[in-house]
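*Asks:* Below you'll find the structure I mean.
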Amino acid sequence: MIVDTFRHQGMRRRLVDELRKKGINNELVLQAIADVPRHLFMDNAFLEFAYADKAFPIEAGQTISQPYTVAYQSQLLLLEKGMKVLEIGTGSGYQTSVLYKMGAKVYSIERHKVLNNKAVALLQELNYNVKLFYGDGFKGLPSFAPFDRILITCGARIVPPELVKQLAVGGILVLPLGPENEQVMTTVIKKDADSYEMMSFDKFKFVPMLENKAP
Ligand code: SAH
């Protein structure tokens, strides 16, 4: 059952104010964070922390990203309503929901079946119309390509070549790039069929992206 009280909504407004102070200024992103009931994406034990700007553990040894990180990545996407977006690492489905509320047509892949199942059930209950897949995001979703935007929500050692292929010309890929202990938030802008340009931003720490590990 979905319970979203005035108290929860008030806590989300405070979270939005906090994110503004930390430099997030994209109104589409902030409105989506104000809309999505983050407490429903967390285990009971963490409910009282749902609107703290912190990452928390979810099942399968993974994490729900910190709201600031979700906002930061969403802002770098330069998303416009109606765009087709591929997310790698559905996890709890929270970031997926933020992209949906920003008006994107969202496709998201997760390689842990238990997380995929849970996200499918919750997003259906919330009536969020997104397409969730169980599989290896390192390979992307070739049959649904091209995508206007791609967002990787796990730490990638390299820019996954299949994902660049599946990006539309003029499209943007946002990913935390680097080794396990620390990644640099990076955007890859596809210039034409075989060239792209990269830009580096702040440092973050994500759970690792698994490569070529069949789920
Ligand atoms: N966007 C999520 C963040 C989850 S953490 C949220 O808002 O909750 C990153 C997720 O990436 C984990 O669930 C992990 O299982 C998943 N992941 C790691 N490597 C992957 C891969 N190759 N394909 C798909 N998902 C992957």
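The values are calculated or read from the model by the stated rules, or taken from the named source; none is laboratory data. No experiment lies behind these values; they were computed from the predicted model shown. Every residue, glycine among them, receives a Cβ derived from its backbone with ideal geometry; neighbour counts consider all protein chains shown. Accessible surface is based on the protein model in full, side chains and every heavy atom, while ligands, DNA and RNA are left aside. Shrake-Rupley method; radii C 1.70, N 1.55, O 1.52, S 1.80 Å.
*Asks:* Any chance you could count how many residues in the stretch 178-215 are within 16 Å of the ligand (Cβ to nearest atom), of a type in the set (Lys, Arg) and farther than 23 Å from VAL70 by Cβ?
*Replies:* 1
*Asks:* Then there is this: Do we find that VAL130 is within 11 Å of the ligand (Cβ to nearest atom) and among the aliphatic types (A, V, I, L, M) in this structure?
*Replies:* Details: within 11 Å of the ligand (Cβ to nearest atom): no; among the aliphatic types (A, V, I, L, M): yes.
When the stated conditions are applied, VAL130 does not pass them.
*Asks:* Consider the stretch 178-215. How many of its residues are without any contact (Cβ under 8 Å) to a residue 40 or more places away in the chain and open to solvent by 50 Å² or more (accessible area, probe 1.4 Å)?
*Replies:* Residues flagged as without any contact (Cβ under 8 Å) to a residue 40 or more places away in the chain and open to solvent by 50 Å² or more (accessible area, probe 1.4 Å) within the stretch 178-215 amount to 14.
*Asks:* Return the residue satisfying two criteria in turn: it lies in the stretch 27-51 and is within 15 Å of the ligand (Cβ to nearest atom) and among the small types (Gly, Ala, Ser), and of such residues it is surrounded by the most Cβ atoms within 10 Å (Cβ to Cβ).
*Replies:* Checking each candidate, the answer is ALA32.
*Asks:* Right, next: Give me the pairs: first residue in the stretch 83-100 and open to solvent by 10 Å² or more (accessible area, probe 1.4 Å) and within 7 Å of the ligand (Cβ to nearest atom), second residue at pLDDT 95 or above and basic (Lys, Arg), beta-carbon distance under 9 Å, and six or more apart or on different chains, which are they?
*Replies:* GLY89/ARG111; SER92/ARG38; SER92/LYS118
*Asks:* Further question on the same structure: Quick one: in the stretch 101-119, of everything that is touching a helix residue (DSSP H, G or I) at 6+ places or on another chain (Cβ under 8 Å) and either in a loop (DSSP other than H, G, I, E, B) or under 21 Å from LEU163 (Cα atoms) (or both), which residue is farthest from the ligand (Cβ to nearest atom)?
*Replies:* The qualifying residue farthest from the ligand (Cβ to nearest atom) is GLY103.
*Asks:* Hey, another quick one. What are the residues in the stretch 120-151 that are assigned to a helix (DSSP H, G or I) and either touching a residue at least 12 places away in the same chain (Cβ under 8 Å) or buried (at least 20 other Cβ atoms within 10 Å of the Cβ) (or both), if any?
*Replies:* If the condition is that a residue be assigned to a helix (DSSP H, G or I) and either touching a residue at least 12 places away in the same chain (Cβ under 8 Å) or buried (at least 20 other Cβ atoms within 10 Å of the Cβ) (or both), then VAL120, LEU122, LEU123, GLU125, PRO142, PHE144 are the ones that fit.
*Asks:* Okay, next question. Answer yes or no as to whether LEU175 is closer than 18 Å to LEU78 by Cβ, within 12 Å of the ligand (Cβ to nearest atom), in contact (Cβ under 8 Å) with a residue 12 or more places away in the chain and out of contact with any Asp or Glu (no Cβ under 9 Å at 6 or more places or on another chain).
*Replies:* yes
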